[in-house]
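J.: One structure, as structure tokens, below. Some questions next.
Each reported figure results from applying straightforward, stated rules to the coordinates on display, with no laboratory input. In this text the structure is predicted, and so the values were computed from the model without any measurement. All Cβ positions, even for glycine, are placed from backbone atoms using ideal geometry, and neighbour counts span all protein chains on display.
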Amino acid sequence: MKKILLVEDDPNLGMLLQDYLQLKGKFDVVLCKDGEEGFNVFIKDRFDICILDVMMPKKDGFTLGKDIRKINPGIPIIFATAKSMIEDKSEAYNLGGDDYITKPFRIEELLLRINALLKRISDNGKQDSSLQQNSFTIGRYKFDYTAQTITFEEKQQKVSTKEAELLRLLCMRKNEVLTREEALISIWHDDNYFNGRSMDVFLSKLRKYLKDDPKVEIINVHGRGYKLLEN
């Protein structure tokens, strides 16, 4: 079971997040009410990820993040704040934060971000060959993620970075559902409306690139996401 340090000065929100993540995400969540308490708990225990509110008494989230980074430079950190100023986002990433979420947010989105971060850390640590795969065969197509090319017989199609990332996710879930939220969080780090429309455009392009093999198709799974089928 992965262990989360959650530092949130709003007791109602803190307990809501703790209960949800423990129930739905099956995490062990330690809740602290301010930055000082959070730091004291952090140095006495081992955690897999930190979720830090930015606006807190005694020690703010950015200061706490700096202190945590001095002790464990590699631990994933998600900053959460009611502010939406670009300066806050820049500071969060400059401090080495791995993600940034603006209140109010959906708890489901936070869970997706947590899982995406932990999965990325796990993939990098294990170097699992299947998850690190960069070359794929899709029916009669050859997809090279690194070169960002799709090859069909003698014809080669160059694809954009986002198209390559999206197709790679679909390939890794071949014949299984890739949820819309997972794709948006993994690639765009935000599942807002505008990113969703952007992804729809990229999906349309990928369908055109793969239209020459009738045994290959990307289908919509109503209410869930997409599926790359290879018949």
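J.: Check which residues have an amide H placed less than 5 Å from Met56's amide H, if you skip close sequence neighbours.
T.: Residues meeting the criterion, in which the H sits 1.01 Å from N, are Gly61.
J.: Then there is this: I want the antiparallel fraction of DSSP beta bridges within the chain, as a percent rounded to 5. Spell out each step's value before the answer.
T.: Numbers: 21 of 38 bridges.
Percent antiparallel among DSSP bridges in the chain is about 55.
J.: How tilted is helix 61-71 with respect to the longest principal axis of the chain? Cα atoms for both, answer in degrees (0 to 90, nearest 10).
T.: Rounded to the nearest ten degrees, it is 80.
J.: Taking the Cα centre of the chain as the origin and placing charges on Cβ (Lys, Arg +1; Asp, Glu -1), which of Ala164, Val7, Leu31 is farthest toward the positive end of the dipole?
T.: Positive-end residue among those listed: Ala164.
J.: Using only Cα atoms, tell me the angle between helix 107-126 and the longest principal axis of the chain; keep it within 0 to 90° and round to the nearest 10.
T.: 70
J.: Given charges of +1 on the Cβ of Lys and Arg and -1 on the Cβ of Asp and Glu, with all other atoms neutral, how large is the dipole of the chain about its Cα centre, in debye to the nearest 20? Please list the in-between numbers first.
T.: Numbers: 37 positive and 37 negative charges, 146 e Å.
Computed charge dipole of the chain: roughly 700 debye.
J.: Give me, ordered by chain and number, the residues 5 or more places off Ile51 or on other chains with an amide H under 5 Å from its own placed amide H.
T.: Leu5, Leu6, Val7, Ile78
J.: Among the listed pairs Lys3/Lys59; Lys2/Lys70; Lys119/Lys208; Lys24/Lys208; Lys24/Lys227, which have their C-alpha atoms separated by more than 26 angstrom in this model? Spell out each step's value before the answer.
T.: Details: Lys3/Lys59 22 Å; Lys2/Lys70 21 Å; Lys119/Lys208 30 Å; Lys24/Lys208 38 Å; Lys24/Lys227 24 Å.
Pairs exceeding 26 Å: Lys119/Lys208; Lys24/Lys208.
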